[in-house]
Amino acid sequence: MSGGRVPNTLRVDCIADDIRQVRDEDALAEALVHADVHGIPATIIGGGSNLVLRSRLPGVAIVVGLRGIAFERLGDDDWRVAAAAGETWQTVVDGALEREVGGLENLTLIPGSVGAAPVQNIGAYGRELAKFVESVTVFDRQRQCYRNLSAVDCAFGYRDSVFKRDATHRQVIVRVALRLGGTGLVTDYPDVARELGARRATLGRRAVADAVARIRRRKLPDPGRIGNVGSFFKNPVVGAAQLDHIRALIDIDDYPAPSGRGGRKIPAARLIDAAGWKGVRRGRVQVWPDQPLVLVNLGGATGREVLDVAARIRDDVQRRYGVALEIEPAVLGAD
């Protein structure tokens, strides 16, 4: 076994007992079967962009480096995109924009790999990945074979999926197929509407993507420069009575809840800001001054330190407003 540091954009030190880099499907299957046969815990790592790692990761960390992306035109405005799990998500978005294929413009600049995108059901500025998923190819560790799952099989929810809910990590994503085109622009999300201004109804997909990119760059730190995992908390969904209670205390916007859920979605960032956490520094961890949803590693912070700050924020928001914030990234490893 050959241990090493697990890659992650939060830039915390985490040592795995063993690390395997896999670059094709055969190597991935071999690594998974070997781990399962020998009872070795296996953790799948993509770009490490949505992980909070503790100091040690038992077993083997399998870093997925599968590559390949194909755009297939099915009709005038109907496309299928198949991308391997190790491709960066931005590669898919850029490819769609270059071909003027609609759907992904609001999801630009979301860090991470294609394989991680369905796990979290990534979303931003009024769009969610689930709307476009045609199928997800996985390696089924129990059956020791590859399978194609439909979007229904993936059981997508708000920042959620069957993959995220499966603690055994039975199904490992190797490829994602999306169906794109034939969709209108989403420009009514407040930040996007303000950025585009009065001309938003006349602008195209590239303009929307550029506007989203500007918003993200203003608000969010570059994970290539400052350790972070993007949004640390999900936006909560609350009922009418709870929303009235919160509005008696602070001004806050509300939005339609994700499909299938009652109530209204409210911005976690507003709750955190109103509780006085924006820009606060605790040791080597800071709540980002331009976007309080983001916690950053100022240098040398551990996963435990980041989680401790997150717990303080969560407890304070719960005490003030009665809202239980939920952490968005996966928490892995042991101290």
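Here is how the numbers come out for the structure above:
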quantity: Every residue from the range 60-87 that is over 30 Å from Gly39 (Cα atoms) and acidic (Asp, Glu); calculated: Glu72, Asp76, Asp77, Asp78
quantity: Those residues of the range 1-19 which are modelled with pLDDT under 95 and open to solvent by 60 Å² or more (accessible area, probe 1.4 Å), in sequence order; calculated: Met1, Ser2, Arg5
quantity: Selection status of Glu25, surrounded by fewer than 22 Cβ atoms within 10 Å (Cβ to Cβ), without any contact (Cβ under 8 Å) to a residue 40 or more places away in the chain and of a type in the set (Asp, Glu); calculated: no
quantity: Failed item in (1) within 26 Å of Ala116 (Cα to Cα); (2) surrounded by 13 or more Cβ atoms within 10 Å (Cβ to Cβ), with Pro256 passing the rest; calculated: (2)
quantity: The lone exception for Thr183 - which of (1) part of a helix (DSSP H, G or I); (2) in contact (Cβ under 8 Å) with a residue 24 or more places away in the chain it fails; calculated: (1)
quantity: Residue satisfying all of: in the range 48-92; over 23 Å from Val6 (Cβ atoms) and within 18 Å of the chain's Cα centre (by Cα); surrounded by the fewest Cβ atoms within 10 Å (Cβ to Cβ) among these; calculated: Val92
quantity: Hits in the range 41-77 - residues which are in a loop (DSSP other than H, G, I, E, B) and closer than 18 Å to Pro329 by Cα; calculated: Gly46, Gly47, Gly48, Ser49, Asn50, Arg54, Ser55
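The values are calculated or read from the model by the stated rules, or taken from the named source; none is laboratory data. Everything numeric in this text was worked out from a predicted model, so none of it was measured. Quick reminder, even Gly has a Cβ in these numbers, built from the backbone with ideal geometry, and neighbours come from all protein chains shown. These accessible areas exclude ligands, DNA and RNA; they are computed on the full protein's heavy atoms, side chains included. Shrake-Rupley method; radii C 1.70, N 1.55, O 1.52, S 1.80 Å.
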